[in-house]
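The values are calculated or read from the model by the stated rules, or taken from the named source; none is laboratory data. Model, not experiment: these values are computed from the prediction. With ideal geometry, Cβ positions are generated from the backbone for all residues, glycine too; neighbour counts draw on all protein chains shown. Surface areas here come from the heavy atoms of the whole protein model, side chains and all, with no ligands, DNA or RNA. Shrake-Rupley method; radii C 1.70, N 1.55, O 1.52, S 1.80 Å.
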Amino acid sequence: MIIVLLGPPGAGKGTQADRLAARLGIPKIATGDVLRAALRDGTKRGREAKAYMDRGDLVPDSVILGILQDVMTSPATAKGAILDGAVRTVPQAEGLGIMLAEIGKKVDRILLFDVDDDELVKRLSTRTVCEGCQTPYMGRDPGSKCEKCGGKLVRRKDDEPEAIRNRLEVYRTQTAPVIDWYGDNKMKVLKIDADGPVDEVTARAIEALNG
Ligand code: AMP
């Protein structure tokens, strides 16, 4: 099953993607994680993406479609994938659909994680992430240790106030139209209330997927 997760930055897509991936036995593919790994490895793709990411802007569609092509044709996604933040513009949604059709697949479910803006800003401005395994934490200071792997917690450059504002604006102008695009193409977008305890949000997502 191929599942696309939509929602603003800070909606908890990454956390829920991990849980759904474990539950369904299919991998989570987060283009943000792929890009950050490319940056750390100093690859051409990473160098191309860096300035966009630091500002909180979207990296060009051609870069993302290249990543999706690599990932969706890999044996690792033979049984499906949870695509976390991987479709952020209408051309990406179109491109993904075309590429999947070429290999006899399609997007099976679309989940939209919904949270109001004040809560998003609060979450992002108090978030730290593990430098190693990327696990996010709320309200833990940079420099603390990750509970999962012992790595150092850091503040993401794009979780600084200026970049947060920009990312929310980018979401409204460039990503929100993807919701209508799927609707116009007769693909149901399942809206999940993403406010509340993590376990409850996971339960709502599972219920929506089964419904
Ligand atoms: P994330 O970890 O999903 O918040 O992504 C971090 C940053 O990576 C974003 O602010 C963008 O600069 C870039 N990025 C990740 N996924 C995409 C995508 N599908 N389209 C464009 N840029 C992306």
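Let's see how each residue does on (1) over 17 Å from the mean Cα position of the chain (by Cα); (2) open to solvent by less than 80 Å² (accessible area, probe 1.4 Å):
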site	(1), (2)
Lys157	no, no
Leu168	no, yes
Pro177	no, yes
Asp184	yes, no
Val201	no, yes
Gly211	yes, no
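What tally of residues in the stretch 186-199 results from selecting those that are among the aliphatic types (A, V, I, L, M), outside any helix (DSSP H, G or I) and surrounded by fewer than 19 Cβ atoms within 10 Å (Cβ to Cβ)? Reasoning before the result, please.
In the first step, residues of the stretch 186-199 are kept if they are among the aliphatic types (A, V, I, L, M); the result is 187, 189-190, 192, 194, 198.
When the remaining residues are screened for being outside any helix (DSSP H, G or I), the result is 187, 189-190, 192, 194.
Those still in the list that are surrounded by fewer than 19 Cβ atoms within 10 Å (Cβ to Cβ) too: 187, 189-190.
Residues flagged as among the aliphatic types (A, V, I, L, M), outside any helix (DSSP H, G or I) and surrounded by fewer than 19 Cβ atoms within 10 Å (Cβ to Cβ) within the stretch 186-199 amount to 3.
Condition check ((1) within 11 Å of the ligand (Cβ to nearest atom); (2) surrounded by fewer than 20 Cβ atoms within 10 Å (Cβ to Cβ); (3) over 16 Å from the mean Cα position of the chain (by Cα)) across all residues:
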position: Leu5; (1), (2), (3): yes, no, no
position: Pro9; (1), (2), (3): yes, no, no
position: Gln16; (1), (2), (3): no, no, no
position: Arg23; (1), (2), (3): no, yes, yes
position: Lys50; (1), (2), (3): yes, yes, yes
position: Val71; (1), (2), (3): no, yes, no
position: Ile82; (1), (2), (3): no, no, no
position: Val87; (1), (2), (3): yes, no, no
position: Met99; (1), (2), (3): no, yes, yes
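Check Ala81, Ala86 and return the single one that is under 22 Å from Glu169 (Cβ atoms) and modelled with pLDDT of 95 or more. If you could, list the steps in order and put the result at the bottom.
Numbers: Ala81 fails: under 22 Å from Glu169 (Cβ atoms).
That would be Ala86, the only listed residue that is under 22 Å from Glu169 (Cβ atoms) and modelled with pLDDT of 95 or more.
Quick one: is Thr128 touching a Ser or Thr at 6+ places or on another chain (Cβ under 8 Å) and in contact (Cβ under 8 Å) with a residue 40 or more places away in the chain? Let's see the steps before the verdict.
On the way: touching a Ser or Thr at 6+ places or on another chain (Cβ under 8 Å): yes; in contact (Cβ under 8 Å) with a residue 40 or more places away in the chain: no.
Against the criterion (touching a Ser or Thr at 6+ places or on another chain (Cβ under 8 Å) and in contact (Cβ under 8 Å) with a residue 40 or more places away in the chain), Thr128 does not qualify.
Among the numbered criteria (1) within 15 Å of the ligand (Cβ to nearest atom); (2) assigned to a helix (DSSP H, G or I), which single criterion is violated by Val129?
With respect to (1) within 15 Å of the ligand (Cβ to nearest atom); (2) assigned to a helix (DSSP H, G or I), Val129 is out only on (2).
Within the bounds of the stretch 25-36, is there any residue that is surrounded by fewer than 14 Cβ atoms within 10 Å (Cβ to Cβ), over 13 Å from the mean Cα position of the chain (by Cα) and of a type outside the set (Val, Ile, Thr)? Before you say what the answer is, go through the steps one by one.
Here is the first cut: in the stretch 25-36, the residues surrounded by fewer than 14 Cβ atoms within 10 Å (Cβ to Cβ) are 25.
Now restrict to residues that are over 13 Å from the mean Cα position of the chain (by Cα): 25.
Next, only the ones that are of a type outside the set (Val, Ile, Thr) stay: 25.
Yes: one or more hits.
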